[in-house]
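> Before anything else, here's the structure in question.
The values are calculated or read from the model by the stated rules, or taken from the named source; none is laboratory data. Note that the structure is a prediction, hence the values are computed from the model and not measured. No Cβ is skipped: glycine too gets one built from the backbone with ideal geometry, and neighbour counts run over all protein chains shown.
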Amino acid sequence: MANTSSAKKATRKIAGRTAVNKMRRSRVRGFIRKVEEAIASGDAALAKDALTAAQPELHRAATKGVMHANTVSRKISRLAHRVKALSA
């Protein structure tokens, strides 16, 4: 348990940041899920649109520190490869 007032404030700040980061991570997962569902359905146009919408969200997660930049790049690359294979 926190003893000092500064430690108590730190725990409040951590709780707030954790909530925001959970929200951001959940939002990113939703965008990724939409892309994967579009790929699974076989609709190339829908998959391309979903990927176009997901890319800024993934980059934003990297900028905010929710996800590592290399992880975001890897996920975008793999999704783009799957979408491209779908349309070819």
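> Out of everything in the stretch 24-45 that is within 13 Å of Ala80 (Cα to Cα) and over 10 Å from the mean Cα position of the chain (by Cα), what residue ends up being surrounded by the fewest Cβ atoms within 10 Å (Cβ to Cβ)?
Restricting to residues being within 13 Å of Ala80 (Cα to Cα) and over 10 Å from the mean Cα position of the chain (by Cα), the top hit is Ala45.
> Limited to the stretch 46-69, what total is found for residues that are surrounded by fewer than 15 Cβ atoms within 10 Å (Cβ to Cβ), over 21 Å from Lys84 (Cα atoms) and small (Gly, Ala, Ser)?
Residues that pass the stated criteria total 2.
> Could you go through the stretch 75-82 and let me know if any residue there is out of contact with any strand residue (DSSP E or B) (no Cβ under 6 Å at 6 or more places or on another chain), hydroxyl-bearing (Ser, Thr, Tyr), in a helix (DSSP H, G or I) and surrounded by 11 or more Cβ atoms within 10 Å (Cβ to Cβ).
no
> Right, another one. Look at the stretch 23-35 and say how many of its residues are in contact (Cβ under 8 Å) with a residue 12 or more places away in the chain and either of a type in the set (Lys, Arg) or under 13 Å from Arg78 (Cα atoms) (or both).
The qualifying residues number 6.
> Taking Lys13 as the residue in question, decide whether it is at pLDDT 95 or above, in a helix (DSSP H, G or I) and either surrounded by 11 or more Cβ atoms within 10 Å (Cβ to Cβ) or under 10 Å from the mean Cα position of the chain (by Cα) (or both).
Here the answer is no, as Lys13 does not meet what is asked.
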